[in-house]
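Below is one structure, written out as structure tokens; comments come after it.
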Amino acid sequence: MNDESQNKMGSPTPEELRQQVERTRDELGQTVEALAGKADVKAQAKEKTAAAKKQASEKTAELKEQAAEKTAAAREQAAEKATAVKEQAAEKSAELKEQAAEKTVAAKDQAAEKAAAVREQAAAATAQIREKAAQAAQAVKDRTPDPVQEKTAQAATQVRESAARAGQFAVDRTPGPLLEKADRVAKAARANRTPLLAGGAVLVAFLLIRRGRGRNK
């Protein structure tokens, strides 16, 4: 048998073997590329996962930093508001104190003015009473005979002397604290002594006149 008959019986020729080798090489190359592609996909997936984790970590850190900044800003604003409220409260308190002081001063001034007005009215009333008492005393004196006036003067002298003796006796028997109170009362009485004396003189003169008229009848 020759080579041609062997080829016809199924033995590959060198060309066929070369083609088979090339096909096998191509298939192996494709298989290697496919395997390399699969390996590359896994690497890319790992890279993407690592990148995603890195981005998540960076985002978390950024969010934490922003939250810390916002918290610090909120605290600062709260502190500023608290300080402003304290300052407003202090200003309001000072304003209220000033208003209260002004009202107190105004009340004192009004009270002083009213007291002065009352004193003036009292002084005017006292002057009127003194004037009327003096006029009444003068009228009684003008209408009273001289003997009656002499008796009135004598009676007034006797009354003063008796009062002086009684007063001295009372002083000798009265404790110190009571004497101090009596002294204050006496000072108050001396302030209105003129109207009282004038009224007493008028009363004594009136009684003596009636007594004298009764005797004449």
Inset, instruction - Assess whether residue 13 counts as being at pLDDT below 85, among the hydroxyl-bearing types (Ser, Thr, Tyr) and surrounded by 10 or more Cβ atoms within 10 Å (Cβ to Cβ). - result: yes
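Among the candidates 50, 94, 117, which residue alone is open to solvent by less than 60 Å² (accessible area, probe 1.4 Å) and under 35 Å from the mean Cα position of the chain (by Cα)? Quick ask: steps written out before the conclusion?
Working: 50 fails: under 35 Å from the mean Cα position of the chain (by Cα); 117 fails: under 35 Å from the mean Cα position of the chain (by Cα).
Residue meeting the stated conditions: 94.
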Inset, instruction - Within segment 120-146, track down each residue that is surrounded by 10 or more Cβ atoms within 10 Å (Cβ to Cβ), in a helix (DSSP H, G or I) and not aliphatic (A, V, I, L, M). - result: 120, 121, 126, 128, 130, 131, 132, 135, 138, 141, 143
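The values are calculated or read from the model by the stated rules, or taken from the named source; none is laboratory data. Bear in mind that the values here come from a model prediction, so they are computed numbers and not experimental data. Glycine also receives a Cβ, built like all others from the backbone with ideal geometry; neighbour counts cover every protein chain displayed. Calculation scope for accessible area: heavy atoms of the full protein, side chains included, ligands and nucleic acids excluded. Shrake-Rupley method; radii C 1.70, N 1.55, O 1.52, S 1.80 Å.
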